[in-house]
Structures are given as structure tokens and as C-alpha cells.
């Protein structure tokens, strides 16, 4: 690297030589060693202008967006499933028990567990009274 520094006639030329040297070092598995030596040199290198850095950043952003999208879809599915179950329970309570059935709806709306809501929904057909549904809560 000292030879590169001595051979370079300008800062731009030195940056070019160093990038070429880094590529060769990477191909030979010596990139860590080269970076350690570069840190000792009085060279300024703006990583934000580096093409490979920009490409890596873009790949990372894409992966992050995909991951966030998957999490959002799962959350949306859960919310949609809960809304559907609550609407079905609401209709069944109103149809089967009238205003008495709708009085317990607020308690049911506080339940976040989808399985529990499904359990309540499946028992609405056979329930003979509002108190039977309350016992399920």
C-alpha cells in the first residue's frame, strides 16, 4: 500500500488504486487485512459514495420492506379475522337473544384471542341463554 501511495500522483489516483487493490484483496480473502491497513493511512474515503455500499444499502432496504410487509399482512389478517368473528357474534346475539344478548357484546369485543372468539361463536348455536354465553367468557 505504501507503493500505491508513492505511485499515485493525486488523491483521485490514490483512491482509484486503493479501490482496485480492495477488489484484488477481496478476491483473495484478504479484505480484512487491507481495511485494517487502510485505517492506519491518512486517506479519507467517503463510504456513502461507494457503489458497492449503495448496492448493499439498497438490498438491505428491500429486505426490510419485504419483512415489514409480511408482518403487516399477518397483523391485517388477524384484525380482519377478529372483525369478522365479532360481526358474526353480534348478529347471532341480536338474532337469538335480542337486546339482552347485545349487553354482553362489549365484554366479548375486549377479547383478542381468535380461538376464544371462535369457541364463543361455535357455542352460540346451542346456547339457550345469555348466561351460558357469559360463562364462556
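The values are calculated or read from the model by the stated rules, or taken from the named source; none is laboratory data. What you see is a predicted model, and the numbers here were worked out from it, not measured in a lab. A quick note on method: Cβ atoms are made from the backbone with ideal geometry, for glycine too, and the neighbour counts reach across all protein chains shown.
Within the stretch 105-117, restricting attention to residues that are touching a residue at least 24 places away in the same chain (Cβ under 8 Å) and more than 15 Å from residue 135 (Cα to Cα), the residue that is surrounded by the fewest Cβ atoms within 10 Å (Cβ to Cβ) is 112. Checked against the criterion of being in contact with a helix residue (DSSP H, G or I) (Cβ under 8 Å, 6 or more places away or on another chain), within 15 Å of residue 135 (Cβ to Cβ) and free of Cβ contacts under 8 Å to residues at least 60 places away in the same chain, the candidates 102, 124 yield just one match: 124. A count restricted to the stretch 80-99 and to residues that are farther than 22 Å from residue 130 by Cβ and modelled with pLDDT under 90 stands at 0. All of (1) more than 28 Å from residue 10 (Cβ to Cβ); (2) part of a helix (DSSP H, G or I) hold for residue 111 with one exception: (2). Within the stretch 118-130, restricting attention to residues that are surrounded by 11 or more Cβ atoms within 10 Å (Cβ to Cβ) and part of a helix (DSSP H, G or I), which residue is nearest to the chain's Cα centre (by Cα)? Across the stretch 118-130, the extreme among qualifying residues is 118.
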